[in-house]
Amino acid sequence: MKFSLKTAVILLLMLLFIFNIVGCSDEDKYEKTVFLMDTKVDITILGNGMSNKQYVNLANEIETEMKLLESIFSSHITGSDIERINKAAGQEAVKVSPETVFVLQKALEVAEMSGGAFDPTVAPLLDLWGFGTGEYGVPAQNDLEEVLPLVNYREVEIDEASSTVFLPQPGMKIDLGGIAKGYIVDRGLKIADDSSASALFINAGGDISIAGKKPSGEMWRIAIQDPLESKKLTAVLDVEEGSIATSGDYQRFFEAGGEKYHHIIDPKTGYPATGVSSVSILAPDTITADALSTAVFVLGLEDGMELLERLDGVEGVIIDKQGKIYASSGLADDLKIVD
Ligand code: AMP
Ligand code: MG
């Protein structure tokens, strides 16, 4: 059979059209990208028959909720809970929202279980390195030694009944960068839970949270980036539901004197943690995954893996400086290494 060029083009167009329709019915979804906490956040809603208006409304509702929380937690936003707590350090307790009390309590819990590797009072060190101020540079040793005594999560005073927080030493400062994003994503997810959407997928700069199953019944496939080579994947994880957060030395860093200095600081030394390249944590909620990924990153391979094995319902993948991949014992069947 011979087709004229015109027939061939029409056939091709028809094929494309059919493919498109099939594609649409298979993928009844809506995607929206927003910017929060210096991070690109991709929201994907699987609607199962939701109208476009329902999609748009739900995505807007999620965005509004997440932005509102950002304005509570960000230390850079004047009048935010964290900014006010920090400003009143050494002076007085500050009245905050219940959300701040919740996230700070969780931060202190993770600080305790990680022996202070995770510490929400790490902000004075972050400022010295420039991660809080944007003026990057390697601090002088005596400057580091001066602020190290200000970094101590045990001194944070939370009064749940009156919903107040007090930092007793002048100069103490809280930063929730290692945990707040996780909580914000969880709250976005909660809104979708209460809606008619069948599933929701939020990717906040690698902190991924999934509610609901894929309509096809397949597992969600999450890729873990190769920390040594951007744009290359090193492993994939098949998960049904839950959250994955990744902390990596490639996510935020500056270079000085031929050395790279990244944003996750070991509160014991005052220097960026040196043990591993990346840590991905799988947990039932994003706040846990987020805080633990930062904590395990600071703890390093041995102590980090020991913490993961001790915790129920939490698994993790640690990639060392040479790119070698280590998975916690519960992940053996779900993790596929990409060659
Ligand atoms: P993540 O990307 O979740 O690992 O979070 C990194 C962010 O956590 C940094 O940008 C800081 O805001 C904050 N951070 C850095 N070091 C620590 C630490 N030792 N404990 C708690 N938060 C930290
Ligand atoms: Mg984190």
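Below, the figures for the structure above:
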| read-out | value |
| --- | --- |
| Residue tally, condition among the aliphatic types (A, V, I, L, M), surrounded by fewer than 18 Cβ atoms within 10 Å (Cβ to Cβ) and within 13 Å of ligand 1 (Cβ to nearest atom), over the stretch 109-141 | 1 |
| Every residue from the stretch 175-200 that is within 19 Å of the chain's Cα centre (by Cα) and either more than 27 Å from I77 (Cβ to Cβ) or of a type in the set (D, E) (or both) | D175, D186 |
| Some residue of the stretch 311-322 being farther than 21 Å from I202 by Cα and either polar (S, T, N, Q) or within 12 Å of ligand 1 (Cβ to nearest atom) (or both) | yes |
| Candidate set from the stretch 200-224 (those that are out of contact with any Asp or Glu (no Cβ under 6 Å at 6 or more places or on another chain) and β-branched (V, I, T)); member that is nearest to G177 (Cα to Cα) | I208 |
| Failed item in (1) within 16 Å of ligand 2 (Cβ to nearest atom); (2) in contact with a strand residue (DSSP E or B) (Cβ under 9 Å, 6 or more places away or on another chain); (3) not charged (D, E, K, R), with L331 passing the rest | (1) |
| Listing of strands (runs of 3 or more DSSP E) fully contained in the stretch 240-332 that carry 1 or more residues being charged (D, E, K, R) | 253-256, 259-262, 315-320 |
| Flag for T39 being at pLDDT below 95, in contact with a strand residue (DSSP E or B) (Cβ under 6 Å, 6 or more places away or on another chain), within 21 Å of G132 (Cα to Cα) and polar (S, T, N, Q) | yes |
| Verdict on G188 being on the phi > 0 side of the Ramachandran plot, more than 14 Å from ligand 2 (Cβ to nearest atom) and either assigned to a loop (DSSP other than H, G, I, E, B) or not hydrophobic (A, V, I, L, M, F, W, C) (or both) | no |
| Residue in the stretch 167-179 that is within 16 Å of ligand 1 (Cβ to nearest atom), closer than 24 Å to E31 by Cβ, surrounded by 18 or more Cβ atoms within 10 Å (Cβ to Cβ) and charged (D, E, K, R) present | no |
| P149 being part of a helix (DSSP H, G or I) and either within 12 Å of ligand 1 (Cβ to nearest atom) or among the small types (G, A, S) (or both) | no |
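The values are calculated or read from the model by the stated rules, or taken from the named source; none is laboratory data. Since the model is a prediction, treat every value here as computed from it, not as a measurement. Cβ sites come from the backbone with ideal geometry, for glycine too, and all protein chains shown count toward neighbours.
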